[in-house]
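Below is one structure, written out as structure tokens, with a few remarks after it.
The values are calculated or read from the model by the stated rules, or taken from the named source; none is laboratory data. Computed from a predicted structure; not experimentally measured. Cβ atoms come from the backbone with ideal geometry, glycine included; neighbour counts cover every protein chain shown. With ligands, DNA and RNA removed, areas are computed over all heavy atoms of the protein, side chains included. Shrake-Rupley method; radii C 1.70, N 1.55, O 1.52, S 1.80 Å.
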Amino acid sequence: MGAFRDRLAAGGRQPRWLDYTDYCGRLLAGGAIPWGDVTRLVDWHRKAQGLLKSDVAALPLRPLVEAWLVSHGDLREALAGRRRLLYPLKTLLADEAMRGHVASALDGLRRTHAGLPLALVLPSPRHFIQLAAAWAGTADADEAIENDDADSASMYLADFLRAFGDAGIDLLLLEERPGEPVSREGIAAYQAVLNIAGHYRWEIGLRLGGAADDLAGGLAGIDFLIAPLPVPGAATGLQLPGGFWTEADAPMPGGGGDFLFGAIPADARPELVLERLAALP
């Protein structure tokens, strides 16, 4: 059993995975997380973790990549080199300097949070195509992505992930685009990423962006789901609504679920956040 599932099975209070990027970005970094400086980034992460005590230490790839593109205009320009849907993502993920920076950040977090499961959080292959195309300005971010394109993107992403085989990762979390429906056929297109996770013995989860219809029993190759409601027959992290952290009278989460997942908004009040954390089961 992997590090994360060990925590789920340990008993005691319900495990909680907190995404504090936006909240602690404002609270501890003045809205400017030092994504490009590994030493300062790890120090910020250590302070955020010490404050909120998530049961998972996570590196979110999307904001790191966005910051990297801002400071590396040559790569941003290279993404737009050809007007093919998959070209921006392929070019981005092949960049050796960015790979090295991500590997250094993961290594720093692994050393700092030795007792916690370490997660790399990244867009799903389908969502990553849309993001990279939007960053390149070569395609409409709302363009529908076919399963064949998602399959190709999964292969590019699997090659990217091989660079972190020795980085001490325990799990991957793929995030679908908000509002994006999930189907078994669509997830099957991610097989190359599922294979690489299996090869390195990483647990792999999927944060749903839309309805979880017809997902009872879980998805082949996916260890857990993150959704607003429990998915029958699947390990599920219950996603707390944003209002849970900003409204003092917001209801506590209902029963069920194997762990809690909460993305704390940037504008949440610190006193209320601490009260809400103390009240969680």
- prompt: Gaussian network model of the chain, Cα springs within a sub-10 Å range: biggest mean-square fluctuation belongs to which of Leu52, Leu18, Leu225?
  reply: Leu52
statement: Taking r as the C-beta separation of Asp37 and Ala266 and R0 as 30 Å, the FRET efficiency to the nearest 0.05 is 0.90
field: Only Lys, Arg (+1) and Asp, Glu (-1) charged, at Cβ; region 1-159 dipole about Cα centre in debye
entry: 780 debye
- prompt: Given the alpha-carbon gyration tensor of region 70-129, what are the semi-axes of its equivalent ellipsoid in whole angstrom, ordered largest first, with each equal to the square root of 5 times an eigenvalue?
  reply: 28, 14, 7
query: For region 133-281, with only Lys/Arg (+1) and Asp/Glu (-1) charged at the beta-carbon, what is the dipole magnitude about the Cα centre, in debye rounded to 20?
result: 500 debye
query: Computed over the Cα atoms of the chain, what is the ratio Rg over Rh, Rh following Kirkwood?
result: 0.94
message: Per DSSP helix of 4 or more residues, -39500 (n - 2.57); summed, then divided by the residues of the chain. What does that give at 222 nm, rounded to the nearest 500?
response: -13000 deg cm²/dmol
task: Set the Förster radius R0 to 45 Å, insert the Cβ-Cβ distance between Glu146 and Arg111 as r into 1/(1 + (r/R0)^6), and round the FRET efficiency to 0.05.
output: 0.65
- prompt: For region 137-281, treating each Cα as an identical point scatterer without solvent, what Debye log10 I(q)/I(0) comes out at q = 0.12, 0.20 1/Å?
  reply: -0.60, -1.22
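Give me the compactness ratio for region 1-129, meaning the Cα radius of gyration over 2.2 N^0.38 Å.
Against the compact-globule rule of thumb, the ratio is 1.17.
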Cα lying deepest toward the dipole's positive end in the chain, options Trp44, Gly256, Gly243, charges on Cβ: Trp44
- prompt: Given labels modelled 7 Å from the Cα in the Cβ direction, how far is it in nm from Glu96 to Val70?
  reply: 2.8 nm
statement: Given a 1.4 Å probe, the accessible area of the chain per residue, as a whole number of Å², is 44 Å²
- prompt: Can you work out D for region 205-281 in µm² s⁻¹ from Stokes-Einstein, where Rh is the Kirkwood radius over C-alpha pairs, the temperature is 4 °C and the viscosity is 1.567 mPa s?
  reply: 97 µm²/s
- request: Please report how far the C-alpha centroid of region 212-267 lies from that of region 124-192, rounded to the nearest whole angstrom.
  value: 21 Å
task: Within region 43-112, report the trypsin sites (Lys or Arg not before Pro) that DSSP leaves as loop and that have at most 14 other Cβ atoms within 10 Å.
output: Lys53, Arg82, Arg83, Arg84
statement: Projecting the Cα atoms of Tyr156, Gly30, Ala67 onto the charge dipole of the chain, where Lys and Arg contribute +1 and Asp and Glu -1 at Cβ, the residue farthest towards the positive end is Gly30
task: List, in order, the whole-Hz ³J(HN,Hα) value for each residue of region 111-125 obtained from phi through the Karplus relation with A = 6.51, B = -1.76, C = 1.60 and θ = phi - 60°; use x for Gly and Pro.
output: 5, 6, 10, 4, x, 10, x, 9, 10, 9, 9, 8, x, 5, x
message: Give me Rg/Rg_expected for region 128-212, where Rg uses Cα atoms only and Rg_expected = 2.2 N^0.38 Å with N residues.
response: 1.12
query: How far is the Cα center of region 83-100 from the Cα center of region 24-73, in Å?
result: 22 Å
